[in-house]
Amino acid sequence: MEFFKFLFFWVAGTDAYAKDGLGFHKEFFVNNGGFLYGFLIALLIGLVICTIFYFGMCNNFSLAKVRNWWICLIVTAIATFFVSDLVVIGGNGSKAATTFYHSNTEWVKEHRKSPNVKDYTAKKVKIEQKLKKWSDVRFPFDTTCAIYGIVFYVVGTCVFKGFSKYGVKIPW
């Protein structure tokens, strides 16, 4: 999963990720597939909204407009941003196995017999406090996912536009 670390370089380059000596970030994003989940969410949302636009809206002459393409692009970015935040980062006390919050709790449980268990607990609390303030890796991760959602929407445009009735020349 080191490949996805490269794709999410903005996240991997943050101080929170790079200076995490206890491995919370690497454990979740690389070893447990956090980057992969974000990438797949971006892929899914980008292609689904693009499909809705070209196979739904572009078969109606009054809806097949460049303006609506841009609106769908913006919707893709916003949806990807918030869905990736909800599904991958999660919230305080999250029980979903795919969330960063849950992974941090499990990481502390794995190290409860470690001599520096207090360091792990303190780091977990510090990460949670920063995530609540939209710092740590939350904003860079969600923004990177939104950018990938836009990329997949544009790629989907190149693939799907020839199959629609009125969307052949949208957006260019």
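The values are calculated or read from the model by the stated rules, or taken from the named source; none is laboratory data. Everything numeric here is computed off the predicted structure, so don't read it as measured data. Cβ atoms come from the backbone with ideal geometry, glycine included; neighbour counts cover every protein chain shown. Just so you know, the surface numbers come from the protein's heavy atoms only, side chains and all, with ligands and any DNA or RNA stripped out. Shrake-Rupley method; radii C 1.70, N 1.55, O 1.52, S 1.80 Å.
Could you grab the pairs with beta carbons closer than 7 Å, sequence gap of 6+ or different chains, first residue in region 92-107 and more than 19 Å from Asp20 (Cβ to Cβ), second one open to solvent by less than 50 Å² (accessible area, probe 1.4 Å) and not in a helix (DSSP H, G or I)?
Taking only residues 6 or more apart or on different chains, the pairs are Ala96/Gly90.
Out of the residues in region 9-25 meeting the condition of being part of a helix (DSSP H, G or I) and farther than 12 Å from Phe100 by Cβ, tell me which one is modelled with the highest pLDDT.
Only one residue tops the list, namely Trp10.
Go through (1) open to solvent by 60 Å² or more (accessible area, probe 1.4 Å); (2) assigned to a helix (DSSP H, G or I); (3) in contact (Cβ under 8 Å) with a residue 24 or more places away in the chain and name the single condition Phe6 misses.
Condition not satisfied by Phe6: (3).
Could you say which residue among Tyr148, Tyr153, Tyr120 is in contact with a His (Cβ under 9 Å, 6 or more places away or on another chain) and hydroxyl-bearing (Ser, Thr, Tyr)?
When all the criteria are applied, what remains is Tyr120.
Yes/no matrix, rows are residues, columns are (1) open to solvent by 60 Å² or more (accessible area, probe 1.4 Å); (2) modelled with pLDDT under 85; (3) part of a loop (DSSP other than H, G, I, E, B):
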site	(1), (2), (3)
Asn104	no, yes, no
Arg112	yes, yes, yes
Tyr120	no, yes, no
Val125	yes, yes, no
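Could you please tell me which pairs satisfy a Cβ distance under 9 Å, a separation of 6+ or placement on different chains, a first residue in region 55-66 that is without any contact (Cβ under 8 Å) to a residue 40 or more places away in the chain, and a second residue that is exposed (fewer than 14 other Cβ atoms within 10 Å of the Cβ) and part of a helix (DSSP H, G or I)?
none
Scan region 14-47 residue by residue and report those that are more than 12 Å from the chain's Cα centre (by Cα) and over 24 Å from Val125 (Cβ atoms).
Listed by number, the list holds a single entry, Leu47.
Which condition breaks for Pro171 when tested against (1) under 20 Å from the mean Cα position of the chain (by Cα); (2) surrounded by 13 or more Cβ atoms within 10 Å (Cβ to Cβ); (3) in a loop (DSSP other than H, G, I, E, B)?
With respect to (1) under 20 Å from the mean Cα position of the chain (by Cα); (2) surrounded by 13 or more Cβ atoms within 10 Å (Cβ to Cβ); (3) in a loop (DSSP other than H, G, I, E, B), Pro171 is out only on (1).
Matching residues to (1) at pLDDT 80 or above; (2) within 12 Å of the chain's Cα centre (by Cα); (3) surrounded by 16 or more Cβ atoms within 10 Å (Cβ to Cβ); (4) not β-branched (Val, Ile, Thr):
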| position | (1), (2), (3), (4) |
| --- | --- |
| Ile74 | yes, no, no, no |
| Ala79 | yes, yes, yes, yes |
| Val87 | yes, yes, yes, no |
| Asn92 | no, no, no, yes |
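Just the residues that are surrounded by 16 or more Cβ atoms within 10 Å (Cβ to Cβ) and either assigned to a helix (DSSP H, G or I) or of a type in the set (S, T, N, Q) (or both), please, taken from region 155-166.
Gly156, Thr157, Phe160, Lys161, Ser164
Go through region 35-64 and give me each residue that's surrounded by fewer than 17 Cβ atoms within 10 Å (Cβ to Cβ) and either of a type in the set (S, T, N, Q) or not in a helix (DSSP H, G or I) (or both).
Matches in region 35-64: Thr51, Gly56, Asn59, Asn60, Phe61, Ser62, Leu63.
For Ser135, only one of the following conditions fails: (1) of a type outside the set (Val, Ile, Thr); (2) surrounded by fewer than 20 Cβ atoms within 10 Å (Cβ to Cβ); (3) assigned to a helix (DSSP H, G or I); (4) in contact (Cβ under 8 Å) with a residue 40 or more places away in the chain. What is its number?
Condition (3) is where Ser135 drops out.
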